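Below is one structure, written out as structure tokens; the observations come after it.
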Amino acid sequence: MLTGEEIGNELNRSLKLAIDTGEASSIDEARAIFEGYKIGIRVGADIASSATKQVALLTMVNTARRCFLGGVEVEVGKCNANLLVPWRDCRKIDQAIIDLGGTIRDSVGGDLPTIILGNVNDPIRNGFTLRATFDGWIAGVAPIDDEIRLSEIQEFAPSGVLAGSLAVSEAFQHVRGSNTFAGHRAIGLSLWQPDKYSWIEHRDTGPELESLPSNFWLIGLGHLGQAYLWTLGFLPYENPETVQMVLQDYDELVLANDSTSLLTNRKMIGHQKTRAMAEWCVQRGFRTRIVERRFAANFEIEEEEPQVALCGVDNQPARAALEDVGFAQIIEAGLGRGTEEYLAFQMHCFPSERSARDRWSTIDLAQPEDVSEKPAYQSLAEQGVDKCGLTMLANRSVGASFVGAFTSTLVISELLRMAIGAQRYAVIDGSLRSPDSFQFIRNAALLDPFNPGVTAASKEDGQIDRELVA
């Protein structure tokens, strides 16, 4: 019998929902429930000429295959076009879909929750059919019958991630039956001015990218850290070899990471996170250095090292220490943990009117819900897992990769606005359960422009150097 820690290292963090709610009386029963979840994606021929639509599609497949364990069916018709965005050594759209865990179908089953992307003829109208759409820095999803579609003219890769993650979030909440509004509402966001106007009526689609950030330090390479890399990897760098990252983490990849972390697959299990992600970065053309130690206030960055940190750890002392080692600017995020809060997120930027140490040293973190008395845990106890092991397993967080993907668009857009010298935010807070409740606080401490180190953006949308990703 595996120990509680070993079970936790293998357990799909989305599947843990069915365990912690008491819905499933065993891990096998929870797995059977999730293997009943399937999703369909129908794609129009216009995806061949849109990098952002391709990013949205790849994000849908990548996030959905980690929680819709019954399968992700993709209908691309006769459009097996060239990839306009870099993904490993794939050159065609169908290669990328299969590599990310999707299945190509001639037609998607009419009974599946379905996402529409692009010019799809005669979209099936079933109990759940959503359209994903974008224009520039704005993206969203809406029921197909609402006939809401943005112009989809201005390309912006993070909007593809935003549209894709929102679509899968709505579909997942729908099949879980946890939110009666999911799939029956129009939700979206402007990544340029998230605190202004309705995303549907917003007319400012944000600037075209002329330069991109090129120098940053990533702290934590799990759920959020890999989501940051996923979104960064689709940015149109003219010369990706000019990008320099420091990657910091100390853990090995375990099977549970495959359920939440967008760049992890089963072949990587047992590898150090830093080395696996460095290999991915090199394949993308980025330069990296690695730090394999816990982050703490026991060192000081050098002048020639990246002055901007992107943090994605859930360790309170590490987050409190973020401003203590010399970074000029910091963008950090965290996610909710439990059966109700796993859809929640927060992003903070420093410096701000409140320091990182003040925010994270004094915050009273809520105690996690005690789920150890739920039937699946009692079943494990009867099989010989001791109380300590059960407690350790119960304290593992519930997670869904689409939440990290969504949050990454907030973080990377904040980094892009930094590089442009545009408006900045101290806090963005909310939950994908109720997007109308998102809160935004502008950062009065960051009014002056700051150059994180920049490099040129590609002038030709979708054109990439295949030798750098082969």
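The values are calculated or read from the model by the stated rules, or taken from the named source; none is laboratory data. Since the model is a prediction, treat every value here as computed from it, not as a measurement. For neighbour counting, all protein chains shown are included, and Cβ atoms are generated from backbone atoms with ideal geometry for every residue, glycine included. For the accessible areas, the whole protein counts, side chains as well, though only heavy atoms, and no ligand, DNA or RNA atoms are used. Shrake-Rupley method; radii C 1.70, N 1.55, O 1.52, S 1.80 Å.
Dividing the summed -39500 (n - 2.57) terms of all DSSP H runs of n ≥ 4 by the residue count of the chain sets its mean residue ellipticity at 222 nm at -8500 deg cm²/dmol. Across the range 40-49, computed HN-Hα scalar couplings (Karplus, 6.51 cos²θ - 1.76 cosθ + 1.60, θ = phi - 60°) run x, 10, 10, 10, x, 5, 5, 5, 5, 10 Hz from first to last residue, x flagging Gly and Pro.
Leaving ligands, DNA and RNA out of it, report the carbon-plus-sulfur percent of the accessible area of the chain at a 1.4 Å probe. All intermediate terms of the calculation are to be shown ahead of the outcome.
Numbers: 8540 of 18830 Å².
Taking all protein chains in place, the chain shows 45 percent carbon and sulfur surface.
Distant-in-sequence amide contacts of Gly71, defined by a placed amide H-H separation under 5 Å and a gap of 5 or more residues or a different chain, comprise Ile39. From most to least packed by mean Cβ count within 10 Å, the peptides 35-43, 190-198, 234-242, 451-459 give 35-43, 234-242, 190-198, 451-459.
If you take the beta carbon distance between Phe440 and Asp28 as r and set R0 to 41 Å, what does 1/(1 + (r/R0)^6) give as a FRET efficiency, to the nearest 0.05? Present the calculation step by step, with values, prior to reporting the outcome.
On the way: r = 43 Å, r/R0 = 1.05.
Once the sixth-power term is evaluated, E becomes 0.45.
Straightening the chain between Arg203 and Glu10 buys 64.9 nm, computed as 0.36 nm per residue apart minus the Cα-Cα spacing. All alpha carbon pair distances within the range 216-269 were sorted into 10 Å bins beginning at 0; the resulting P(r) in whole percents reads 23, 49, 25, 3. Per-residue surface analysis assigns Cys388 an accessible area of about 90 Å², computed on protein heavy atoms at 1.4 Å probe radius. Sequence-ordered 3J(HN,Hα) estimates for the range 267-280 from the Karplus curve with 6.51, -1.76 and 1.60 and θ = phi - 60° stand at 5, 8, 4, x, 7, 5, 4, 4, 6, 5, 6, 5, 5, 4 Hz, glycine and proline given as x.
Rounded to the nearest Hz, the phi-derived 3J(HN,Hα) couplings of the range 386-392 under the Karplus curve 6.51 cos²θ - 1.76 cosθ + 1.60 (θ = phi - 60°) are 6, 5, 4, x, 5, 5, 4, where x marks glycine and proline.
So if we plug the beta-carbon distance of Leu255 and His184 into 1/(1 + (r/R0)^6) with R0 = 45 Å, what FRET efficiency do we get, rounded to 0.05? Approximately 0.80, to the nearest 0.05. Compute the relative contact order of the range 102-195 as a whole-number percentage, counting only Cα pairs closer than 8 Å that sit 6 or more residues apart in sequence. That works out to 27 percent. Using the average count of surrounding beta-carbon atoms within 10 Å as a protection proxy, the listed peptides 287-294, 372-379 rank, highest first, as 372-379, 287-294. Take the chain with all the other protein chains still there, run a 1.4 Å probe, and you get 40 Å² of accessible area per residue. For Leu191, the amide hydrogen comes within under 5 Å of the amide hydrogens of Ile138, Ala139, counting only partners 5 or more places away or on other chains and with H modelled in the peptide plane.
When all alpha-carbon pairs of the chain are counted, what percent fall beyond 36 Å?
Values: 26428 of 110215 pairs.
When every Cα pair of the chain is considered, 24 percent fall beyond 36 Å.
Report the residues of the range 29-60 in range of a label on Ile104: point 7 Å along Cα→C-beta, backbone N strictly under 17 Å from it. Those under the cut-off are 41-49, 54, 57-58. Taking packing as the residue-averaged number of other Cβ atoms within 10 angstrom, the listed peptides 438-444, 246-252 run from highest to lowest as 246-252, 438-444. Here's how it looks for Cys311: its modeled amide H is under 5 Å from those of Ile219, Ile331, Glu332, Ala333, which are all 5 or more places away or on a different chain.
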